[in-house]
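Here is the structure we will look at, set down as structure tokens.
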Amino acid sequence: MRRDVFQAIADPTRRAIITLIAVHALTPNAIAAHFDTSRQAVSKHLRILTECELVEFTENGREIYYHLNINKMKEIDKWLEQFRKIWEGRFNQLDNVLASLKKNKK
């Protein structure tokens, strides 16, 4: 089943995992140590993040290290940019209205 990337980042635990591995790659056990949940629950979150290509893993001997797929994160940022522009425009309009009201009040 192909999962949607936004479905994956909607979960606060998965967002926390992304934040953890954004700095450096971690093993599933190291990731699980940061949560008050089972190792199996963390593995399920990692599987979902991997299916959405937000997270990738590399094997080093017997250890598996999960790391952030920065290119996928850039895709999300690019999609969000359109909304960022809209919000900034609206905030600028609001600033202008508030400045005008403040000026007229004096």
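Please treat every number below as a calculation from the coordinates, not as lab data. The structure presented is a predicted model; accordingly, all values stated were derived computationally and were not measured. Here the Cβ positions follow ideal geometry from the backbone for every residue, glycine too, while neighbour counts run over all protein chains shown.
Values as computed for the structure displayed
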item: Eligible lysines near LYS102 by straight Cα distance, threshold 26 Å, same-chain separation 8 or greater; result: LYS85
item: Top positive-direction residue, dipole computed over the chain with Cβ charges, set LEU98, ILE86, GLN7; result: LEU98
item: Most to least packed among 14-21, 36-43 [average Cβ atoms within 10 Å]; result: 14-21, 36-43
item: Reachable aspartates and glutamates, given that their alpha-carbon falls under 18 Å from the alpha-carbon of LYS72 and they are not under 8 places away in the same chain; result: ASP4, ASP11, GLU51, GLU53, GLU56, GLU81
item: Net length gained if the chain between THR58 and ARG90 were fully extended (0.36 nm per residue, minus Cα distance); result: 7.2 nm
item: Rounded tilt (10° steps) of 70-105 against the dominant C-alpha axis of the chain; result: 20
item: Protection-proxy order for peptides 6-12, 29-35, 75-81, each taking the mean of Cβ atoms within 10 Å per residue, highest first; result: 29-35, 6-12, 75-81
item: Size of charge dipole - the chain - debye, nearest 20, with Cβ of Lys, Arg +1 and Asp, Glu -1, no other charges; result: 740
